[in-house]
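A short worksheet on the structure shown next.
The values are calculated or read from the model by the stated rules, or taken from the named source; none is laboratory data. What you see is a predicted model; the values in this text were computed from it and never measured. Positions of Cβ are generated from backbone atoms using ideal geometry, with glycine treated the same way; all protein chains shown enter the neighbour counts.
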Amino acid sequence: MTLSSPVFRAVATCVVPEASRFDAAQWDEMAAIVARAIAARPRAMQRQLALFLILLEWFPLVRYGRRLSRLDPARRTKFLDRLQRSPLLLLRRGFWGVRTLVLMGYYGRPAAAAEIGYRADARGWEARR
Amino acid sequence: MSTSRSYDIVIIGSGAGGGTVAQELAPLVRDGVRILVLEKGPRFADQEFTGRELEMADALYQDGGAFLTRDGTMTLAFASAYGGSTVVYTGTSLTAPQRVIRAWGVPGLEHADLTRRSAKYAEQNNVHALDDPLINDNNRLFVEGGRKAGYLVEQFPVNVKGCRGSSLCNLGCPNQAKQGTNRVQLPRAERAGVEVVTRAEVLRIEPDRTLTVRVSQKAAGTKGAPSEWAPGDYAVRARIVVAAAGAIGTSALLLRSPLPAPRSLGHGFTCHPALILVAEHPRPITNDVGHPKSYFVDHGASERFVLETCMYFPFVTAKSLTGFGATHSAIMHALPRLQMILILACDHVASGNRIAVSRTGSPIVHYRFTPETIDGLVRGTRAAARIFFAAGARRVHAPADPPLLEIADADRLEERVTASSFRPGMLAVSAAHLMGGCGMGRTAADSVTDAWGRVHGLPWLRVADASLFPDSLEINPYLTIMGLADRVAEGVRRDLAVVRD
């Protein structure tokens, strides 16, 4: 299971809909940020994440008869929303972790900061005059 | 094979506690006392503080700022650098409340004494209230909304000198305006002859007062200067050891050392769990320019929360919002119109909330939210929403179902914001004020150290950081850490004089 896998992209485009307009280079940029963050985590956590992504992909098969990456966006969103409200801490936490990585990959790009109008500058007030 | 070194005093950590002790003991160098500070993190050059979010978080924070509690429901932020967490705080400098120090009930620790010592560091670090022209809209709206909603809004004294308003305090000031120990106490100590070695991690302390120290190599392409010592393992002998590696660092170090430490070591961990809330105004406001944290509302005593102004960076803001998808994106794209408030819950010592170590000696923090702490977050969220609406915000993004509170919801916040939306694992809760683990008290039966930071039964071993707090401080802790560290330094000077006589 890699960050370029269909399931990661399926989750990413649900969490940040704008990511569905990404070209290959933008996906690569996002994947590189996430890969760097994962590489710095303990091995056990890396294994848990890989396992959770597999579960994410196959879980919907039981309810919707399709894998997550094959679901339409509305059903995908519904499924992920259920996960984040799950009574099981393990599922809530797992989804939270993947969601955090997606947001890091997306909003960690300098282009995203510019897109949302974030303009912090070391020169502070002087840069706004 | 390790290299041996010998010193009279070794200080572990260079943040608010270690930096203060180093400065206070520095005059002893003139009398031939050899003093060493060992800092796990690197020493950064001024130009390395770029303000770029992920780059600086990786360089400065443990686990890039994502150190997780054992059950994965809260992240803990603490820095590893020359100057410790004083490099990354916003410089807010408050004196410990009298009611809190009284409630701690540590024999020999008086509020008046702590206040006097804290005042010394407030003066040294140029602590003052920012002038009005430097206050941005994000802070001004908090004041206006807070007062309209009936709250007592107070201004934070901050320790800046020549603040240009970059708003990047939590990523290390790019203008060297913040007067942390990296700018004030450590340079003074070094000028007086104290040796500071960075990238030096203390693995354990032996009962014969030998420290096993590992000095790391600077990895290619990373920030920070190489260590002052050659990379490798060292056996450092000391007559007196002062542990000031922060609540987690110090507790973990003592836990993995073969010392006869008191049984409560690692227990009593508290941390002010915090939530970031945002609200959308109809027009752009100045929020990502100017000092981010200038005002607060303290309801710690009555409702277990403190509200503070804040402004975070794109990724931290994104992960702090509840939910995902189009609503989440819309709020992120409203960033130039967002007002932000940080809610800190005043948690208290709870059984089971403690610091432990793994088989390999890494720190593990066990933390569960008590119903009282969740209640503090819920009440704080309602109060923040009242302030946002009173300030003119048209919608508030909060842990609620659905997460957008509209103006029409302002009169029914009790109904809209409830504990059911605050389940662990559903929220991005993080904490930066990490306290306890080596609490002060009377004897080894009820605490780890005495009121002077002396570990019970090990008079040569002192603690000088927030791990000393026997319970939550309920406010930003740096001046209190410095005040306590000042006492530790005085105790060391006194004991050293007795030994020499």
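Only one of B:Asp471, B:Asp375, B:Asp446, B:Asp411 is acidic (Asp, Glu), part of a helix (DSSP H, G or I) and closer than 25 Å to B:Val349 by Cα; which? Every option except B:Asp375 fails the conditions. For B:Met340, the test of being under 28 Å from the mean Cα position of the chain (by Cα) and over 29 Å from B:Ser93 (Cβ atoms) is failed. Out of all the residues in the stretch B:268-275, is one or more more than 10 Å from chain A (Cβ to nearest Cβ), aromatic (Phe, Trp, Tyr) and within 19 Å of B:Arg382 (Cβ to Cβ)? No - not one qualifying residue is present in the stretch B:268-275.
Being under 30 Å from B:Leu134 (Cα atoms), within 13 Å of chain B (Cβ to nearest Cβ), touching a Pro at 6+ places or on another chain (Cβ under 7 Å) and in a helix (DSSP H, G or I) is a description that does not apply to A:Ala122.
Name the residue that is surrounded by the most Cβ atoms within 10 Å (Cβ to Cβ), counting only residues in the stretch B:117-154 that are of a type in the set (Lys, Arg) and either in the same structural domain as B:Glu280 (by TED's automatic domain parsing) or free of Cβ contacts under 8 Å to residues at least 60 places away in the same chain (or both). It comes out as B:Arg140. In the set (1) hydrophobic (A, V, I, L, M, F, W, C); (2) under 22 Å from the mean Cα position of the chain (by Cα); (3) more than 22 Å from B:Glu308 (Cβ to Cβ), B:Cys169 fails one condition alone, (3). Scanning the stretch B:29-67 for residues that are assigned to a loop (DSSP other than H, G, I, E, B) and either outside the structural domain of B:Val202 (by TED's automatic domain parsing) or within 17 Å of B:Gly246 (Cβ to Cβ) (or both) yields B:Glu39, B:Lys40, B:Gly41, B:Pro42, B:Ala66.
Entry remark, the stretch B:173-186: residues being of a type in the set (Gly, Ala, Ser) and out of contact with any Ser or Thr (no Cβ under 9 Å at 6 or more places or on another chain) number 0 in total.
The residue that is nearest to the other protein chains (Cβ to nearest Cβ), among those in the stretch B:293-350 that are among the hydroxyl-bearing types (Ser, Thr, Tyr) and closer than 17 Å to B:Leu404 by Cβ, is B:Ser329. Checking each residue in the stretch A:101-119 for being over 12 Å from A:Val16 (Cβ atoms), in a helix (DSSP H, G or I) and either of a type in the set (D, E, K, R) or within 19 Å of the chain's Cα centre (by Cα) (or both) picks out A:Pro110, A:Ala111, A:Ala113.
Annotation: of all residues in the stretch B:356-368 being touching a residue at least 40 places away in the same chain (Cβ under 8 Å) and more than 16 Å from B:Pro273 (Cα to Cα), the one that is surrounded by the most Cβ atoms within 10 Å (Cβ to Cβ) is B:Pro363. Of the residues in the stretch B:290-301, not one is out of contact with any Ser or Thr (no Cβ under 6 Å at 6 or more places or on another chain) and over 30 Å from B:Val396 (Cβ atoms). For the stretch B:478-501, filtered to residues that are of a type outside the set (A, V, I, L, M, F, W, C) and modelled with pLDDT of 95 or more, the residue that is nearest to B:Ala22 (Cα to Cα) is B:Asp486.
Scanning the stretch A:49-70 for any residue that is surrounded by fewer than 14 Cβ atoms within 10 Å (Cβ to Cβ), within 14 Å of chain B (Cβ to nearest Cβ), at pLDDT below 95 and at negative phi turns up nothing. Among the residues in the stretch B:260-267, are any modelled with pLDDT of 95 or more and closer than 30 Å to B:Arg382 by Cα? No, the stretch B:260-267 contains no residue that is modelled with pLDDT of 95 or more and closer than 30 Å to B:Arg382 by Cα.
Is it true that some residue in the stretch B:12-25 is in contact with a strand residue (DSSP E or B) (Cβ under 6 Å, 6 or more places away or on another chain), touching a residue at least 24 places away in the same chain (Cβ under 8 Å) and over 22 Å from B:Tyr121 (Cβ atoms)? No, the stretch B:12-25 contains no residue that is in contact with a strand residue (DSSP E or B) (Cβ under 6 Å, 6 or more places away or on another chain), touching a residue at least 24 places away in the same chain (Cβ under 8 Å) and over 22 Å from B:Tyr121 (Cβ atoms). Once the stretch B:68-87 is narrowed to residues that are under 17 Å from B:Thr198 (Cα atoms) and part of a loop (DSSP other than H, G, I, E, B), the residue that is nearest to the other protein chains (Cβ to nearest Cβ) is B:Ser80.
In the same structural domain as B:Gly453 (by TED's automatic domain parsing), closer than 30 Å to B:Ala445 by Cα, surrounded by fewer than 24 Cβ atoms within 10 Å (Cβ to Cβ) and among the basic types (Lys, Arg): does that describe B:Arg70? Here the answer is yes, as B:Arg70 does meet what is asked.
Being part of a loop (DSSP other than H, G, I, E, B) and either in contact with a Pro (Cβ under 6 Å, 6 or more places away or on another chain) or on the phi > 0 side of the Ramachandran plot (or both) is the filter here; which residues of the stretch B:383-400 pass it? It would help to see each step written out before you state the result.
Narrowing the stretch B:383-400 to residues part of a loop (DSSP other than H, G, I, E, B): B:391-394, B:398-400.
Result: B:Gly392, B:Arg394.
Being buried (at least 24 other Cβ atoms within 10 Å of the Cβ) and touching a Lys or Arg at 6+ places or on another chain (Cβ under 9 Å) is the filter; apply it to the stretch B:277-288 and report the residue that is farthest from B:Val396 (Cα to Cα). Walk me through it before giving the result.
To start, the set of residues in the stretch B:277-288 that are buried (at least 24 other Cβ atoms within 10 Å of the Cβ) comprises B:277-279, B:287-288.
Still in the running and touching a Lys or Arg at 6+ places or on another chain (Cβ under 9 Å): B:279, B:287-288.
On the way: B:Ala279: 4, B:Asn287: 16, B:Asp288: 19 Å.
Ranking the candidates gives B:Asp288 first.
Contact annotation: residue pairs with Cβ atoms under 8 Å, 6 or more positions apart or on different chains, pairing a residue in the stretch A:72-95 that is in a helix (DSSP H, G or I) with a partner that is among the charged types (D, E, K, R) and surrounded by 19 or more Cβ atoms within 10 Å (Cβ to Cβ), are A:Leu83/A:Arg92; A:Gln84/A:Arg92; A:Gln84/A:Arg99. If the condition is being surrounded by fewer than 21 Cβ atoms within 10 Å (Cβ to Cβ) and farther than 23 Å from B:Gly72 by Cβ, then the stretch B:417-437 contributes only B:Thr418.
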